[in-house]
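Report on the following structure.
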Amino acid sequence: MNTRNDTETRENEGAVGVSIPQREGGEKLTGRAQYIADLYRHGMLYGAILQSPHAHARIRAYDLSEAKALPGVRAIVTGDDLDPQHRMGAFIKDEPALAKGKVRYCGEIVAAVAADTEAIARQATRLIQVDYEVLPAVLDPERAFDADAPLVHDDAHAYSAVFDSGTQGNICSRTSLREGDAASAWDGCDVVVEHTYRTQAQAHLSIEPCGALAEIDASGRVTLWSANQSVFRVQANVCEALGLSMAKLRCQTPHIGAGFGNKMEAHVQPAVVLLALKARKTVKLVLSREEDFETVRARHPAVVRMKTGAKSDGTLVARETELLLDGGAYGDDSPGVLGYALLMNCGPYNIPHVHAHGRVAYTNKLRFGAFRGFGVPQVTFASEQQLDALADKLEMDPIALRRKNIKRDGDRWFGGQAIHSNGLEKCLDLVEQASGWQTARAANGKAPASEMRRGMGVAVSAHISGLLATGAIVRLLEDGTVLLNTGAVDIGQGSNTVLSQMCAESLKLPVERVAIASPDTDGSPYNWGTTASRITYTTGRSVVAAAGEVEKQIKKLAGAMMECATEDLELRAGGTVGIRGVPGGGVSFAQVSGYAHWAAGGPIIGSNSWVFDQKTVDPKRAVVTGLPFSQIGIFSFIAQVIEVEVDTLTGKVRVPRAWTACDIGRAINPIMATGQIEGALVQGMGYALTEELVWDGGRLANPSLMDYKIPTFAEMPDEQHAYLVESDDPTGPFGAKSVGEIGINTVAAAISNAVTNAIGTRLSQLPLTCERVLAGVLAAGKTP
Amino acid sequence: MMSAKRQVTLTVNGSQSQVPAALHDTLLTVLRDQMQLTAAKRGCNQGVCGACTVVVDDRTVRACLSLAQNCEHASISTLEGLIEQAPMLALQRAFAHNGAFQCGFCTPGMLISANALLQQNPSPDAGAIRAALSGNLCRCTGYTKIVTAVQEAAAALHAKVVTP
Amino acid sequence: MLQGLYHPNTVDEAIALLAQDPQARPMAGGASLVAMLNAGVIEPAALVSLASIEEIKGISVMPDGRIRIGAFTRHRETAEYALPLGAAAAVRQAASLIANVTVRNMGTIGGAIAFADPGLDYPPALVASGAEVEIASPFARRVVPAREFFVDWYLTALEPGELVVAVVLPRPGEGAQGVYIKHARVAGDYATASVAACRLGDGSVSVAVGACGPIPIANDAANTLLSADRSGAAITEAGALLERQADPLDDVRGSAEYRRQLIPRLLLRAIRSLEATEGEKP
């Protein structure tokens, strides 16, 4: 097991383990990188959307006459252009391309216009008249299952779903996982804590808003560019929503201005393709910031009722979690978030008796979907506070309590899956030591009363990576260089660079000789998407395997060329193949490729295609209902200590220092790995302290950067440390696991634990706004 | 709101051109849609995110809050025009080596603001950098590596190790 | 539909243009105005840009020692003004906390106060320091004390067709100082609540609260009390007087109740901060 920071390199490194700069730097640092909004086509039309003003209403009729009469308007699409049978959805096929029959949330796309200029398109949307019959709306997920609650979907049970979702009424999905016998285990506990925690909707706030550009050729085939995290999900969603054959739609990828989950499933793409098909011309549509806030998706608000019991020596015995997720108007990724959150609800601890169950409620708000962490930040906010609450009652140090219970070698995860590499204890050691935990906490406790109170909190978590299908194609070009094609979208996190490093290392080539293709449904092998922290692990494995195929073919041909056995051959650095033990001689990749093209074998193409196959649930251990995934992936781990300073005059919390250690298996590109941890920390700080989508009735009250505030340079920690622990997973490519999401899982919990340490009151609602913290300060009587 | 377009004379990156612009068209719209200078980005159109930051008469401004018509007698610089100059080269190099960008969407505005800072304050400490860049939002990096990169660029310029 | 954009060279020309076309709006730095234009919140028929009027630019010391900030002075210039300001140091501090560097390069004091967003940083600082606002109308110039300039939500003493020409700060008194305490969620946000506290030339204390109602809150009894007594009890009492006048909003920055709680707490911080300046150069 190794620890490294991002400036160390190992000896004898090829490309893997080196902090090479991101490949796209040349484009991005000169302003030449083209994102969706930077694409222009001669003669293209501009699109604009009309949003629903109502949270819930039946659409009786449209009057498009005034809009159509506006000079420059070329096409208008509404729900009338859709076949009612066509719906999309990641798990439950409940969502039309745009509102049909009903509008289900304020901000939902009701119509879209294509016109000669964006200004004309937007003006035309204001001229569209829609006759609505306003319906009562259900806005509170806790009221969504009441007998008299308005139904968001009239016949939800009739939708087809990819798993046993239990969809009916306003229940979008339901899941239950059970191990041991929690119900009767409470009697065996010496201490029990029980509480309800509430978390808010967080907006992804990628600096790039969502957009798409659809071009249509003479045969009616569409090429769709969009800000996306998966060309294959775009393709599937658009085709399902429009009843289009997949052969008629090609999806491509410009540079992407981040996603965090917002761009994983559909946004405006179905509407834009519909417009292009109707207008028979290229259409580009980019959402305004307000539209992006209101129309697309956000993180699930959650109500987490949690109960944890332990023995007096700190051994955890039982856990019950009841999770209610506000799913918004459409299923989207909600069933996945629910299932995953419940699977992760215990955290990385051995708890023998667990009952974790929950539901996603349909409500008349925008859909809630994938957002970094995928439900884990919500349950971790609850779980890690319960650990601290237990530590309090037991008068144990919070880190000591965790050490007593964390999963170690040989332990299996909740549900029964084996863990093959586990660096969690090392992570905990690192942050405990680096933060000076014992000394700092003691000093905080003894500090004289003052306006500014410091506190320190800890949280640990895990993340599972490896979900769904992946492929890779590696081609040896005629000159001996290599083209890698995986379909994995680089949304800025650096997957192009990391995958190229792995390919180069596998073939002992300098990384400059590996090119990587842009994701394109025409040419790329299937890749589920850049989500769930999966690309390094799944696509990396595929890349290594595909490169292995190329190596085999190279050696076979080289063997023929050099008239020797393939077992005697070895790849050498720089793109040659030679006979082991015989220095010199050998043939170059270019020569082998020439031979392949002219003489025998054909062009050298290595490919791989796979799905993770280790089951998540052992039915002999756990009873599970409604879990959407049967196999997910491998485990990464995190331990984090955060120091806060609470201004007891105003309740404002700032973060002077933070220490984070992640077991990521192997750092393929260390500086990119710490970049993920650092970015997740600040995004997590926003989640913990200032970010909250607020509804005023059915409308969003703050769909604007003036009113919805994310951390700036001024809010970043004064000092933060990110440590990479490498436990070398036996199944990971070069031992790698994941780092994309795990860094956000613990932040709100660690900050909350730190605030409790500072002011004495525990807060159970996110975000910890100044107002809520001040209330906590006053409740504890800790005023200066 | 669709007033007719008129010809506006803009001096951008040292060269003057006539571009069509309606009265209400912002500098951002004109730079991007008329002049294909797409480095400046539209992240919010309200002046908060900073992705549209450009230089007008030696001041950093929000292109999304500037009317194109009001910029007729000004000297406008965008990232495209600054990339060959030593301070910007030093910043680009430092950003690349320090992982100070990920998706890159905020990066042009960030570079413009960092460049302006270094022209005013050749040796900024972390506090000065954070204050100068607080109007440029980044959602990817968590800011740490950007501060490191700006300090490294400042040091490189100070030692005159960067030549254009 | 925006049909005209004018660039007058003098205040009188600008006034004349506004008088001629009641649909026309004056535009200073443009930051707030163009944001509203972009969002479709306003649709003026014409704009009168004040950018070419030299008379209203820059900061100068008047013969009687008062300090004149031209209406078209950018926030950045005010924030970086290096000469002594006395009690009006609160105004400088307020300018330095507006948004961020780039927005401070664009926005102007005249444009800001004419817009009179209740969350703005200038109003409480101007009121507490005893500043005045110079206004030009078609017939005359007049001067209005800051305390009377802010009338209601987004409403000032400006009549239609009038322009702010300058903000005039009192002559910096011996030992005078001012501080501006801003509480906001993150850097660059509008204030959730703010307090400006000034020690005037005659040694008296003058405070004003911002972002807790349609206009800055000032209370003579509170000022009198604080001028004589700055104990915790006096500050609590003064805070209560100010809080009683407050009419804060419930919004995403905080509830009305929270803002009320903040008033005495921020006042405490402001007074202690002001006391720490005793003996400093103004």
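The values are calculated or read from the model by the stated rules, or taken from the named source; none is laboratory data. Note that this is a predicted model, so its numbers are computed, not measured. Quick reminder, even Gly has a Cβ in these numbers, built from the backbone with ideal geometry, and neighbours come from all protein chains shown.
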Exercise for the section: Go through the residues of the stretch A:669-678 one by one and say whether even a single one is part of a loop (DSSP other than H, G, I, E, B) and in contact with a Gly (Cβ under 9 Å, 6 or more places away or on another chain). Expected result: yes
Completion exercise
Contact list, first residue from the stretch A:243-272 and more than 14 Å from chain B (Cβ to nearest Cβ) and within 19 Å of A:A201 (Cα to Cα), second anywhere and of a type in the set (D, E) and part of a helix (DSSP H, G or I), beta-carbon distance below 9 Å, six or more apart or interchain, is A:H267/A:D292
Practice task
Working only within the stretch A:678-736, note down all residues that are of a type in the set (D, E) and within 13 Å of chain C (Cβ to nearest Cβ).
Solution key: A:E691, A:E692, A:D696, A:D707, A:E715
Completion exercise
Reported set for the stretch B:52-65 where residues are among the polar types (S, T, N, Q) and more than 13 Å from chain A (Cβ to nearest Cβ) is B:T60
Handout entry: Residue satisfying all of: in the stretch C:271-282; more than 14 Å from every other protein chain (Cβ to nearest Cβ), outside any helix (DSSP H, G or I) and touching a strand residue (DSSP E or B) at 6+ places or on another chain (Cβ under 9 Å); nearest to A:G651 (Cα to Cα) among these
Key = C:T277
Completion exercise
For A:P53, the lone unmet condition from (1) within 30 Å of A:P733 (Cβ to Cβ); (2) more than 11 Å from chain B (Cβ to nearest Cβ); (3) surrounded by fewer than 23 Cβ atoms within 10 Å (Cβ to Cβ); (4) in contact with a strand residue (DSSP E or B) (Cβ under 9 Å, 6 or more places away or on another chain) is (1)
Handout entry: Of all residues making up the stretch C:102-148, the number that are of a type outside the set (G, A, S) and part of a loop (DSSP other than H, G, I, E, B)
Key = 6
Exercise for the section: Of the conditions (1) surrounded by fewer than 24 Cβ atoms within 10 Å (Cβ to Cβ); (2) away from chain B (no Cβ under 14 Å); (3) closer than 30 Å to A:T660 by Cα, A:I59 clears all except one; give me its number. Expected result: (3)
Completion exercise
Scanning the stretch B:88-138 residue by residue, those crowded, with 24+ Cβ neighbours inside 10 Å, out of contact with any Leu (no Cβ under 9 Å at 6 or more places or on another chain) and within 12 Å of chain C (Cβ to nearest Cβ) turn out to be B:G135, B:N136
Handout entry: Residue check, A:Q235 away from chain B (no Cβ under 14 Å), within 21 Å of the chain's Cα centre (by Cα), farther than 26 Å from A:K100 by Cβ and surrounded by 17 or more Cβ atoms within 10 Å (Cβ to Cβ)
Key = no
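For every residue, the table says whether it meets (1) closer than 28 Å to A:G732 by Cα; (2) of a type in the set (D, E, K, R).
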site: A:R513; (1), (2): yes, yes
site: A:S518; (1), (2): yes, no
site: A:Y526; (1), (2): yes, no
site: A:A545; (1), (2): yes, no
site: A:A558; (1), (2): no, no
site: A:D568; (1), (2): yes, yes
site: A:A573; (1), (2): yes, no
site: A:S593; (1), (2): no, no
site: A:A600; (1), (2): no, no
Exercise for the section: Report yes if some residue within the stretch B:66-82 is in contact with an Asp or Glu (Cβ under 9 Å, 6 or more places away or on another chain), facing another protein chain (nearest Cβ under 8 Å) and farther than 25 Å from A:S206 by Cα; otherwise report no. Expected result: yes
Handout entry: Subset of the stretch C:12-34 (residues that are in contact with a helix residue (DSSP H, G or I) (Cβ under 6 Å, 6 or more places away or on another chain), of a type in the set (A, V, I, L, M, F, W, C) and part of a helix (DSSP H, G or I))
Key = C:A31, C:V34
Practice task
Check whether at least one residue in the stretch C:136-154 is surrounded by fewer than 24 Cβ atoms within 10 Å (Cβ to Cβ), hydroxyl-bearing (S, T, Y), under 14 Å from the mean Cα position of the chain (by Cα) and more than 14 Å from chain B (Cβ to nearest Cβ), and report yes or no.
Solution key: yes
Practice task
Determine which member of the set C:L268, C:L242, C:L225, C:L262 is within 11 Å of chain A (Cβ to nearest Cβ), without any contact (Cβ under 8 Å) to a residue 60 or more places away in the chain and among the aliphatic types (A, V, I, L, M).
Solution key: C:L268
Handout entry: Close pairs from the stretch C:3-18: first within 14 Å of chain B (Cβ to nearest Cβ), partner of a type in the set (V, I, T) and not in a helix (DSSP H, G or I), Cβ under 8 Å, at least 6 apart
Key = C:Y6/C:V48; C:P8/C:V48; C:P8/C:I53; C:N9/C:I53
Fill in the blank from the handout: Apart from one, (1) under 22 Å from A:A488 (Cβ atoms); (2) assigned by TED's automatic domain parsing to the domain that holds A:A504 all hold for A:E567; the odd one out is (1)
Handout entry: Qualifying positions in the stretch C:155-204 - among the hydroxyl-bearing types (S, T, Y) and either within 14 Å of chain A (Cβ to nearest Cβ) or not in a loop (DSSP other than H, G, I, E, B) (or both)
Key = C:T156, C:Y180, C:Y190, C:T192, C:S194
Fill in the blank from the handout: Among residues of the stretch B:139-153 being among the hydrophobic types (A, V, I, L, M, F, W, C) and either more than 10 Å from every other protein chain (Cβ to nearest Cβ) or over 13 Å from A:P711 (Cα atoms) (or both), the residue surrounded by the fewest Cβ atoms within 10 Å (Cβ to Cβ) is B:V147
Fill in the blank from the handout: Of the listed residues (A:E240, A:E215), the one being in contact with a His (Cβ under 7 Å, 6 or more places away or on another chain), assigned by TED's automatic domain parsing to the domain that holds A:A48 and either outside any loop (DSSP other than H, G, I, E, B) or at pLDDT below 95 (or both) is A:E240
Practice task
Please verify whether the stretch A:385-393 includes one or more residues that are surrounded by fewer than 24 Cβ atoms within 10 Å (Cβ to Cβ), among the basic types (K, R) and touching a residue at least 24 places away in the same chain (Cβ under 8 Å).
Solution key: yes
Exercise for the section: Confirm whether A:A775 is within 14 Å of chain C (Cβ to nearest Cβ) and at negative phi. Expected result: yes
Practice task
Among the residues of the stretch A:734-775, count how many are surrounded by fewer than 24 Cβ atoms within 10 Å (Cβ to Cβ) and within 28 Å of A:G494 (Cα to Cα).
Solution key: 2
Exercise for the section: Would you mind stating whether B:A40 is crowded, with 17+ Cβ neighbours inside 10 Å, more than 17 Å from the chain's Cα centre (by Cα), under 30 Å from A:L705 (Cα atoms) and within 12 Å of chain A (Cβ to nearest Cβ)? Expected result: no
Handout entry: Which numbered condition C:G254 fails, given (1) of a type outside the set (K, R); (2) within 30 Å of A:V653 (Cα to Cα); (3) modelled with pLDDT under 95
Key = (3)
Completion exercise
Counting only residues in the stretch B:47-58 that are surrounded by fewer than 24 Cβ atoms within 10 Å (Cβ to Cβ) and in a loop (DSSP other than H, G, I, E, B), the one modelled with the lowest pLDDT is identified as B:D58
Handout entry: Number of positions in the stretch A:18-42 that are facing another protein chain (nearest Cβ under 7 Å), part of a helix (DSSP H, G or I) and free of Cβ contacts under 8 Å to residues at least 60 places away in the same chain
Key = 2
